[in-house]
Amino acid sequence: MAAEPQWYVAHTYSGYENKVKADIEKTTANRHLEDQILEVSVPMQDVVEVKNGKKRTVSKKIFPGYVLIKMIMNDDTWYVVRNTGGVTGFVGPGSKPVPLSEADMRRWGMAEKDSSEATEIQVDFGEGDLVTVIGGIWKDTTGVIQSMNMSKQTVTINVELFGRETPVEISFADVRKAH
């Protein structure tokens, strides 16, 4: 039985994510490994910034310093990624890469969509509502919903991070309306 492709995370020098993505894709094509390295991703999120009283939407990296790679882990694919300029290693204990779990992928809106999933989502909160985060790294944080993404099943709330309001995207499953 052939190994199933899974998502792995490669750590990169900050600012090199897009170059690493392009280099891995180029090497994959040159070595004809497209059936083993299936996708290279630098997840981005649209964020509304306000500077000098003007609002503008900019794309920001969700995980600066990291590139996500959907691949079948073997000696060839490990070598390609590990020896790409700008890559400092895989995320995992020691030198052993650990694939992302399905739960992590869902949390970040990157899971494969199951065709049996309901398309209509009903939630008891909306934009402007105060919610409490009940799971994940922002557990016990409260915030006002700035926006909702029904297809990804996420809300965006502002949290205080390093003394500044920072928008974060959180799964519907990890928030509940504050009472």
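With a cut-off of 15 Å, note down the residues of segment 134-156 whose backbone N falls inside the zone around a label point 7 Å from the Cα of Val48 toward its beta carbon. Residues 144-149, 155-156 fall inside that zone. Go through Val87, Phe63, Asn52 and say which Cα lies farthest out towards the positive end of the charge dipole of the chain; charges sit on Cβ, +1 for Lys and Arg, -1 for Asp and Glu. Of the candidates, Asn52 comes out farthest on the positive side.
Dipole check for the chain: with +1 at the C-beta of Lys and Arg, -1 at the C-beta of Asp and Glu, and the Cα centre as origin, the magnitude is about 740 Debye. Here the spin labels are modelled as points 7 Å beyond Cα on the Cα-Cβ line, and at Val58 and Ile72 they lie 4.2 nm apart. Over the chain, dividing the summed -39,500 (n - 2.57) contributions of all DSSP H runs of at least 4 residues by the number of residues returns a 222 nm mean residue ellipticity of -4500 deg cm²/dmol.
Using the Cβ-Cβ distance between Glu39 and Val159 with R0 = 22 Å, the FRET efficiency computed as 1/(1 + (r/R0)^6) comes to roughly 0.15. Note on Lys55: lysines with a C-alpha under 26 Å away, same-chain residues under 8 apart excluded, are Lys152. Residues within the reach of a label modelled at Lys26 (point 7 angstrom out along Cα to beta-carbon, backbone nitrogen below 13 Å), restricted to segment 74-102, are 84-86. When P(r) over Cα pairs in 5 Å bins from 0, in percent is computed from the coordinates, the matching label among (i) 1, 7, 14, 17, 16, 15, 12, 10, 5, 2, 0, 0; (ii) 1, 8, 17, 21, 21, 16, 10, 4, 1, 0; (iii) 2, 9, 19, 23, 23, 16, 7, 1, 0, 0 is (i). Just list whichever of Lys70/Lys96; Lys19/Lys96; Lys51/Lys139; Lys26/Lys70 have alpha carbons separated by over 27 Å in the model shown. Too far apart for the 27 Å limit: Lys51/Lys139. Only protein heavy atoms count here; under a 1.4 Å probe, Met148 has an accessible surface of about 50 Å².
In this structure His32 has an accessible area near 140 Å², from a 1.4 Å probe over the protein heavy atoms. Look at the alpha carbon pairs under 8 Å that are at least 6 residues apart: their mean separation over the length of segment 1-96 gives a relative contact order of 44 percent.
Taking Phe162, Phe125, Phe90 in turn, the Gaussian network model of the chain (Cα-Cα springs below 10 Å) assigns the largest fluctuation to Phe162. Take segment 133-179 with all the other protein chains still there, run a 1.4 Å probe, and you get 61 Å² of accessible area per residue. With a Förster radius of 45 Å applied to the beta-carbon distance between Ala178 and Tyr13, the computed FRET efficiency rounds to 0.65. Relative to the dominant Cα principal axis of the chain, helix 17-30 is inclined by about 40°.
The values are calculated or read from the model by the stated rules, or taken from the named source; none is laboratory data. Keep in mind it's a predicted model, so treat the numbers as computed, not measured. Reconstructed Cβ throughout: ideal geometry from the backbone, glycine too, with neighbour counts over all protein chains shown. These accessible areas exclude ligands, DNA and RNA; they are computed on the full protein's heavy atoms, side chains included. Shrake-Rupley method; radii C 1.70, N 1.55, O 1.52, S 1.80 Å.
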